[in-house]
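Below: the structure, in structure tokens.
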Amino acid sequence: MLKVRNLKKSFGENEVLKDVSLEAKKGEVIVILGPSGSGKTTLLRCINFLELADEGIIELDNKVIDTSIKPKGHEILDVRRHTAMVFQNYNLFRNKTVLENVTEALIIVKKLPKSEAIAIAEKTLQKVNLTNKNDAYPVQLSGGQQQRVGIARALALNPKVILLDEPTSSLDPELVGEVLTAMKTIAAEGITMIVSTHEMSFANDIADKVIFIDKGVIVEQGSPREIFTKPNEKRTKQFLDRILKEWTYTI
Ligand SMILES: Nc1ncnc2c1ncn2[C@@H]1O[C@H](COP(=O)(O)OP(=O)(O)OP(=O)(O)O)[C@@H](O)[C@H]1O
Ligand SMILES: [Mg+2]
């Protein structure tokens, strides 16, 4: 379904992704773990062509793009149309209501009639448990509510893959749960998700595969059980020990 092969990306001298390969099968939830600066955001942005990788293959449903040969506009648009990104800082349109945030791309990009776009938006807002907020502006919402609008907006596009970049890390701890619940609801529908997150309980409960990335390379990957209970690599173990320690401090 989605395959990334030998992806490389540098910013100047800084080699951020060194040789990253991964695969997501249809309906799989993949969690990406890694320290700050390890390349998680860059990886997700390269998959969505918000950033153009220097080398490597991105394959979505048998459509193969070799990033070392400058991809054509229509190839990039095709990937963008079938992937949706949820950002750490929500990235909502501040001057648009909740409903307008969700319908915008359906009307402008997908060219759906307004009534159809509204029907889809209302259905996806319901899935993230956000009803009665259609006319609110982002500033009138809590962080958790804003992020749920972000998730509804991504889901409304009916993408093949949703990419979520630390979707809960800007939230106050008491608001994390409602966003994780929304993510679990959509994962249960069988949508393919790649999530960068430090939420270990989410990873443990929902992920089909956990990937640990450090300094631009995948150090290790496996089932949550394999990674959390018996990591092979010392770097993975050190990272997990640190994260779990931070966790017990915040509880
Ligand atoms: N647009 C850019 N221009 C230059 N350097 C960049 C750019 N984006 C990212 N980098 C660099 O790439 C490296 C990886 O950054 P990235 O944001 O992918 O890490 P991350 O794993 O998402 O970290 P965090 O957990 O803090 O979000 C960092 O050294 C960063 O400074
Ligand atoms: Mg990041």
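Values in this text are rule-based calculations from the coordinates and carry no lab data. Note that the structure is predicted; figures quoted are calculated from it, not measured. Glycine gets a Cβ as well: all are built from the backbone with ideal geometry, and neighbour counts include every protein chain shown.
From the set of residues in segment 158-174 that are within 16 Å of ligand 2 (Cβ to nearest atom) and part of a loop (DSSP other than H, G, I, E, B), which is surrounded by the most Cβ atoms within 10 Å (Cβ to Cβ)? Explain how you work it out, then say what you get.
Looking only at segment 158-174, we keep the residues that are within 16 Å of ligand 2 (Cβ to nearest atom), and these are 163-171.
From what's left, part of a loop (DSSP other than H, G, I, E, B): 166-171.
Values: 166: 20, 167: 28, 168: 23, 169: 13, 170: 14, 171: 21.
Residue satisfying both the conditions and the ranking: 167.
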Checked against (1) within 16 Å of ligand 2 (Cβ to nearest atom); (2) in contact with a Pro (Cβ under 6 Å, 6 or more places away or on another chain); (3) free of Cβ contacts under 8 Å to residues at least 60 places away in the same chain, residue 94 satisfies every condition except (1)
The residue that is surrounded by the fewest Cβ atoms within 10 Å (Cβ to Cβ), considering only those in segment 36-50 that are more than 7 Å from ligand 1 (Cβ to nearest atom) and assigned to a loop (DSSP other than H, G, I, E, B), is 50
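Scan segment 10-35 residue by residue and report those that are over 25 Å from residue 208 (Cβ atoms) and free of Cβ contacts under 8 Å to residues at least 60 places away in the same chain. Break it down into steps so the answer makes sense when it comes.
To start, the set of residues in segment 10-35 that are over 25 Å from residue 208 (Cβ atoms) comprises 10-16.
Listed by number, the residues that qualify are 10, 11, 12, 13, 14.
Yes/no per residue for (1) assigned to a loop (DSSP other than H, G, I, E, B); (2) free of Cβ contacts under 8 Å to residues at least 40 places away in the same chain; (3) crowded, with 20+ Cβ neighbours inside 10 Å:
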position: 179; (1), (2), (3): no, yes, yes
position: 190; (1), (2), (3): yes, no, no
position: 203; (1), (2), (3): no, no, yes
position: 210; (1), (2), (3): no, no, yes
When every residue in segment 1-13 that is more than 17 Å from the chain's Cα centre (by Cα) and not charged (D, E, K, R) is compared, the one farthest from ligand 2 (Cβ to nearest atom) is 6
Of the residues in segment 14-28, those that are over 22 Å from residue 78 (Cα atoms) and either near ligand 1 (Cβ under 10 Å from one of its atoms) or under 13 Å from the mean Cα position of the chain (by Cα) (or both) come to 14, 15, 16, 17
Evaluate segment 67-80: report whether one residue or more is surrounded by 15 or more Cβ atoms within 10 Å (Cβ to Cβ), in a loop (DSSP other than H, G, I, E, B) and within 18 Å of the chain's Cα centre (by Cα). no
